[in-house]
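Notes to accompany the following structure.
The numbers here are math on the coordinates, done by the rules we state, and not lab data. Since this is a predicted model, take the numbers as computed values, not measurements. All Cβ positions, glycine included, derive from the backbone under ideal geometry; neighbour counts span all protein chains shown.
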Amino acid sequence: MASMRESVSRFGKFLSSMVMPNIGAFIAWGFITALFIETGWLPNAEFSQIVGPMLSYLIPILIAGQGGEIMGGKRGRVIASIAIVGAIVGSEYTMLMGAMLVGPLAGWVIKKWDEWAKNWTPAGFEMLIDNFSVGILGLILCLFSYVAVGPFMGAILTVLTAGVEVLTNAGLVPLLAIFIEPAKVLFLNNAINHGIFTPIGTTQVAELGKSIMFMLEANPGPGLGVLLAYMFFAKDETTRQSAPGATIIHFLGGIHEIYFPYVLMNPAVIIAPIVGNIAAIFWFTITGCGLVAPASPGSIIAFMSMAAPGTQIMTLIGVALAAAISFFIASVIVRNTDAKDLSEAQDAVSGMKSAAAGAVAGATSVASGFGDKIIFACDAGMGSSAMGATRFRNRIKLDRPDCVVEHSSVDEVPADANIVVVQRNLAPRAQACAPNAQFVIIDNFLADPALDSLYGDLVSVASKSGVGETDVAAATEQVESRGKGVAIDRDGIKLGCKSVSKDDAIQASGELLMAHGAVDEAYIEAMHERERVQSVYMGMGVAIPHGTNEAKDSVKKTCVTLHQYPDGVEWGGEKAYLVFGLAGADGEHLQVLANIAKALEDESVVEQMRTTKDVDWLLSVLS
């Protein structure tokens, strides 16, 4: 069963890789349709003539060309574009599905030809043979697609369209949600949307000017309800704090994959989006709603932009209806799931995925040194991985500017990647592309403990949280070579402080930095924000509050302060006795952190620092 699901997922990803790069063409065609056809916003008989050729020729040729390029490079794109014309002319239906078949086939043919021809092509005849091979093989495939592919795909579309009509007439279309929502959270959304609904929907738009098929999978309402339920009612603090960011990314960014882990960690929650989508589809059916082109990504912005003229209000109500029902059901489930049950659900999901994960390693000491190349990988390489890479790049860029953080499809992970961040059930596919990389297995691209571990390894701040001796020594050597100390003075050390809350400790560090003229007031809020995003507790009873990357303009000079709390400050289940406030200008914070880390290598010294009353001794240690 797992292998079958993985095969279907691969197939869906391949279909998506042909369609997704050409979504802009769908959107352009959709806007022209919505504006200029007879029932459009601005009816125009001349401009409406563009609709047919774009749909019949441009979009299939783009899709086929993309498929050909995936299989056979630039020559694959050319031969695929030639071949699909036969299917286009050989059928009265729009050949989107035909393009998905002919394109990769043509690319594979020219790839195999080139592999064979390179062994006997005479020197000086390369261009002649290359051009004639594409032309002749393209001609053969064009005739084949005219005779066979066009009629065959036309027959399939006839059956599928008839099936949709039967479901519509019987009022059963809403029940498709029973299959759509579980398939989505198993990462089969691309196979469903681009492999089935897009071709049928495009045909319906050509006839009716709109299609409900584009609304079945792309509606952001069901997922929104799930995320809101976790945002307000999740008992696990990490999950609750990650939900708001996931909500924005899902609803406005259209990356539906972001809510899948929230369902997988508690499978009973799947009931919520199923019922929500059933209600929405039923509403769309009775109100005659439809989109004029695919809403991809499934953002509320794209969804509403593609709504057929005159249906915007009803479409928005349908999204809100799905979100409200999904939220209500998910809230009941989340609220009545105690922490133990939720943990068991997460363990059960991890167990189901562990077989697929194989021997892929977790996120333990994966940083390999300066110049790490980190790849975030997801199914299509365009949604959650792009978001994850962007967020992690912003998080790490000041601490490790040498790191390269990129994103890709799990099937196209660069072979030179040092570290690959990937969701558990997709790990084996990524491992096949980069067998020598170290893997960080996650369940959530926004707030996953494995990402925190990776971050800790990369920045190498304290010896207990992943400091490499070579890195510390190199950084310390840089400091010493420039004659710089740790930028701390007598007035920047406060001993014997009474225990306070974590927030008050951060506030005190910020105010002391500001009193030294190192930062302005905005930096203090950025220090609190940094803690909300990622704990600054480093281990060994040490915390290093500092601002976010975005607050670097608030730093006037490099400075370090120290508050000593002999009785400790509660810090996320740990106790911090030494709280270093940090402001780093012009990259100097890396050197400052290296000095602090060097000073903290000896645990006996750290223990003495917690209780000493000798400021001069502390200054000598930290310098």
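Some notes on this structure:
- With the simple spin-label model, which puts each label point 7 Å out from Cα in the Cβ direction, the E46 to N119 separation comes to 5.9 nm.
- Under a 5 Å amide H cut-off, with hydrogens placed 1.01 Å from N, L562 pairs with I493, K494, G581 among residues at least 5 apart or on other chains.
- Per-residue extension of 0.36 nm, minus the Cα-Cα distance of D503 and Y57, leaves a gain of 154.4 nm for this segment.
- When the pairs K235/K502; K494/K557; K111/K184; K502/K552 are compared against a 28 Å limit on Cα-Cα distance, K111/K184 fall above it.
- Applying 1/(1 + (r/R0)^6) with R0 = 35 Å to the Cβ-Cβ distance of F328 and K397 gives a FRET efficiency near 0.30.
- Each label was represented as a point 7 Å from its Cα along the Cα-to-Cβ direction; for A162 and K112 these points are 3.3 nm apart.
- Residues A432 and V605, FRET efficiency given R0 of 45 Å [Cβ-Cβ distance, rounded to 0.05]: 0.45
- Calculated FRET value between D491 and R532, using beta carbons and R₀ = 25 Å, to 0.05: 0.30
- Put in line by how crowded their Cβ is, counting other Cβ atoms within 10 Å and starting with the fewest, W617, W113 read W617, W113.
- Near the amide H of V519, within less than 5 Å, lie the amide hydrogens of M514, K556, all on another chain or at least 5 residues away, with H placed in the peptide plane.
- Going from the fewest other Cβ atoms within 10 Å to the most, the residues T94, T611, T287, T311 appear in the order T611, T287, T311, T94.
- The residues W283, W41, W571, when put in order of fewest to most other Cβ atoms within 10 Å, stand as W41, W283, W571.
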